[in-house]
Amino acid sequence: VGICELPFHPISSEVIGGVGGTCVIRGCVPKKILVYGAAFGSELEDARNYGWELNEKLDFNWKKLLHKKTDEIIRLNGIYKRLLSNAGVKLFEGEGKIVGPNEVEVTQLDGTKLSYSAKHILIATGSRAHRPPIPGQELGITSDEALSLEDLPKHAVVFGGGYIAVEFASIWRGLGANVDLFFRKELPLRGFDDEMRAVVARNLEGRGINLHPQTNLTELIKTDNGIKVTTDHGEELIADVVLFATGRLPNSKRLNLEAVGVELDNTGAVKVDEYSRTSIPSIWAVGDVTNRMNLTPVALMEGTCFAASVLSEALIFYLKLFLVRNLANQTTAMYLVLFLGNEISLYIMPLVVVCIPPLSVVGLSEEQAIEQANGDVLVFTSTFNPMKNTVSGYDDDFEIRQEKTVMKLVVDAETDKVLGASMCGPDAPEIMQGIAVALKCGATKAQFDSTVGIHPSAAEEFVTMRSVSRCITCSGKPKTNL
C-alpha cells in the first residue's frame with residue numbers, strides 16, 4: 001500500500017495538506033483545543049465563588065494557546081506518519097493525480113514527477129471550506145485561517161448557522177471578543193431537534209453573542225477601521241475578522257478525475273455505488289469527497305469496508321447510508337447500515353456541536369420521530385441548573401449566569417423503544433456516547449427507568465425522567481418501514 005499526501009501545514013490549500021487530514025490538523029482536534037481554552041475564562045470567574053482568591057484582572061495570552069495548539073497537531077501529524085510506516089505503508093509527499101484506471105502520478109516536493117501503478121486506487125481527499133459569492137468575499141476567512149489567526153479579534157462576525165459557525169462564535173466570545181452571529185434561518189443548527197436548537201440559541205445569547213437570525217451578508221468592504229459588513233436588512237457594522245462558515249465542497253478539482261472517466265456530480269463530489277466504487281471499477285472513493293455523510297467516524301468506517309472488499313476479492317462488505325430527513329429535507333438522525341453476507345448491522349450516529357456548553361444528540365429528533373412514527377410519540381424532558389452553577393452561578397449581589405442544562409428522550413409509545421436522545425449542557429458528548437450504546441442495543445424507556453443513576457451527576461437525569469412532557473398523536477398516518 002502506498003499513500004500520497006500533500007506536505008503538512010496547519011492552513012490547507014490546493015498544494016498543502018498533511019497526514020491526518022482535516023479533522024486532526026485543521027478541524028475537530030485543534031478546534032476542541034481552542035474550545036477548552038475558551039471555557040477556562042468562565043471557569044476562572046466561577047472559581048471565585050468556590051473560594052479561589054484570584055486577581056481582579058485575568059490575562060489571556062492568545063499566542064501561547066495558538067502555539068500549544070500547533071505543537072499538538074504537529075505531534076499528531078508525526079504519530080500518523082509513524083502509524084503508516086509501522087504498518088508498512090509507503091508515504092509519498094507531494095501532489096497526486098490519477099492519469100489512468102490503474103496509474104497515479106505524484107509531483108514531489110522538488111517538482112519531479114513519478115508514476116505508480118496499482119490494482120486499486122482509493123480517493124480520500126476530503127473537502128475544502130466554501131466562501132459565499134458576495135462582493136468582498138476575499139476579505140473574509142474560513143475555518144482554516146480561523147484556527148491560526150495571528151491576533152485574537154476584538155470584534156468578530158461569523159456568517160453561518162451550522163457546527164463551525166456556532167463553535168467559533170463560542171470560542172471567540174469565550175476568549176473575550178465581541179461576536180455577531182448571522183444566519184439564514186430562524187434558529188442556528190438547522191436539522192437538529194428544534195427544541196434543542198432554541199436552547200443553544202438562548203445559551204449563545206446568554207454568553208453575550210449577538211444573534212442575527214434570517215439575515216444574509218451582502219458585501220464586505222475594507223476600511224481604515226476594519227472590515228465593513230453590510231446585510232440584506234440594511235445593517236452595517238465594523239469587524240476585525242469575518243468568518244465564512246457556509247459549508248464545504250468536495251476536494252476533487254486537481255485530481256484529473258473526469259479525464260480518466262470518473263464521474264462527478266455538480267458539486268464536484270465523486271459518484272460512488274454502495275460499495276464506494278466509482279464509475280471506473282478499479283477506482284474507489286470514501287469520505288467527504290463523495291459528499292455522502294461528511295463525518296470523520298463515517299469516513300473511517302467507509303475505509304474499513306473498502307479494505308475488506310478489495311482484500312477479500314469479493315464484495316462481501318458494503319455500506320449503505322440511510323439518512324432520515326425532516327420536512328425541510330435536512331439530514332439530522334444518521335444511520336449506517338453495514339451488510340456482511342446475510343447479516344445486517346445498524347449503526348446510529350451520535351453527533352456533537354462543540355459550543356459552550358456543548359450540544360450532543362443521537363437517534364431521532366422529536367420532529368423526525370413525529371414524521372416517521374407509526375403510532376404516538378412520547379417526549380420526556382428535564383431542565384435544571386447544573387449542580388456546579390448553584391454555587392458558581394451567583395455572586396453575593398447579583399446573578400452571574402443562568403444557564404440551564406436540557407435533556408430529552410423521544411419514545412415510541414407502542415413499543416416503549418427510545419428513538420432519540422438529546423442533551424445541551426456540560427459533558428454532553430461524554431454522556432451521549434453511553435446513551436448511543438443503549439440505543440444501538442434497542443433500549444426501552446422501561447430499561448432506562450430501571451437503571452440506577454449515578455448520584456450526584458447530570459447523567460442520572462436520563463434514568464429518572466418519569467413524567468411525560470407531551471404526547472404527540474401520530475396514529476392514522478401512513479406506515480413507514482423505519
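Rolling a 1.4 Å probe over the protein heavy atoms of the range 132-245, with every protein chain left in place, gives an accessible area that is 45 percent carbon and sulfur. 3J(HN,Hα) couplings calculated from phi for the range 288-305 with the Karplus curve 6.51 cos²θ - 1.76 cosθ + 1.60 (θ = phi - 60°) are, in sequence order, 4, 5, 8, 6, 8, 9, 8, 9, 4, x, 5, 4, 4, 5, 4, x, 4, 5 Hz; Gly and Pro show x.
Net charge in the neighbourhood of Ala198 (other residues with Cβ under 13 Å of its Cβ; Lys, Arg +1, Asp, Glu -1) is -1. For the chain, the solvent-accessible area with a 1.4 angstrom probe is 49 square angstrom per residue.
Does the range 163-221 come out rounded, prolate or oblate, given a ≥ b ≥ c as the square roots of the eigenvalues of its C-alpha gyration tensor, rounded meaning a/c under 1.5 and, failing that, prolate meaning a/b above b/c?
oblate
At full extension, Gln433 and Ser85 could sit 122.1 nm farther apart than now, given 0.36 nm per residue minus the alpha carbon distance. The lysine pair tally for the range 350-473, using Cα distances under 20 Å and a gap of 8 or more places or different chains, is 6. When nucleic acids and ligands are ignored and a 1.4 Å probe is applied, Lys113 ends up with an accessible area of around 130 Å². Peptide packing for 93-99, 283-289, 364-370, 450-456 was compared via the average number of neighbouring C-beta atoms within 10 Å per residue; ordered from the highest value, the list is 283-289, 364-370, 93-99, 450-456. Once both labels are positioned 7 Å from their Cα atoms along Cα-to-Cβ, the gap between Arg202 and Ser148 label points is 4.0 nm.
For the range 27-35, the Karplus equation 6.51 cos²θ - 1.76 cosθ + 1.60, evaluated at θ = phi - 60°, returns couplings of x, 4, 5, x, 4, 5, 4, 5, 4 Hz by residue, with Gly and Pro reported as x.
Each of Arg184, Arg277 has its accessible area taken with a 1.4 Å probe; listed largest first, they run Arg184, Arg277. If you sort Ser469, Ser12 by accessible surface, 1.4 Å probe, largest first, the order is Ser469, Ser12. Shown for the range 36-185: lysine pairs separated by 8 or more places, or found on different chains, whose C-alpha atoms are under 29 Å apart, numbering 21. Between Phe384 and Asp416, the FRET efficiency estimated from the beta carbon spacing at R0 = 25 angstrom works out to 0.55. Straight-line cross-link partners of Lys253 among the aspartates and glutamates, defined as a Cα under 16 Å from its Cα and at least 8 positions apart when in the same chain: Glu5, Glu14, Glu95, Glu105, Glu263, Asp265, Asp288. Close amide H pairs (under 5 Å, H built 1.01 Å from N) link Trp284 with Ile121, Leu122, Ile123, Thr278, residues at least 5 positions away or on another chain. In order along the range 180-187, the phi-based Karplus estimate (6.51 cos²θ - 1.76 cosθ + 1.60, θ = phi - 60°) of 3J(HN,Hα) comes to 10, 10, 9, 8, 7, 9, 6, 9 Hz; Gly and Pro are listed as x.
Using C-alpha pairs below 8 Å separated by at least 6 residues, the relative contact order for the chain is 12 percent. Between Gln402 and Ser13, residue separation times 0.36 nm minus the direct Cα-Cα distance comes to 135.8 nm. Say the dipole of the chain comes from +1 at the beta carbon of Lys and Arg and -1 at that of Asp and Glu; which of Gly96, Ser12, Leu237 then lies farthest toward its positive end? Positive-most Cα among the choices belongs to Gly96. Backbone amide hydrogens, once placed in the peptide plane, bring Phe92 within less than 5 Å of Ile3, Cys4, Glu5, excluding anything fewer than 5 places away on its chain.
Can you give the net charge of the other residues whose Cβ lies under 9 Å from the Cβ of Asn251, counting K and R as +1 and D and E as -1? Neighbourhood net charge equals +2. The peptide list 297-310, 240-253, 217-230, put in order of mean Cβ contacts within 10 Å with the highest first, becomes 240-253, 297-310, 217-230. Taken about its Cα centre, the chain carries a charge dipole of about 1000 debye when Lys and Arg each add +1 at the Cβ and Asp and Glu each add -1 at the Cβ.
Spatial offset of the range 93-134 relative to the range 167-228 amounts to 36 Å, using the alpha carbon center of each. The peptide list 14-22, 414-422, 135-143, put in order of mean Cβ contacts within 10 Å with the highest first, becomes 414-422, 14-22, 135-143.
The values are calculated or read from the model by the stated rules, or taken from the named source; none is laboratory data. Small disclaimer: the values here were computed from a predicted structure and weren't measured. A quick note on method: Cβ atoms are made from the backbone with ideal geometry, for glycine too, and the neighbour counts reach across all protein chains shown. Heavy atoms of the whole protein, side chains included, go into the accessibility calculation; ligands, DNA and RNA do not. Shrake-Rupley method; radii C 1.70, N 1.55, O 1.52, S 1.80 Å.
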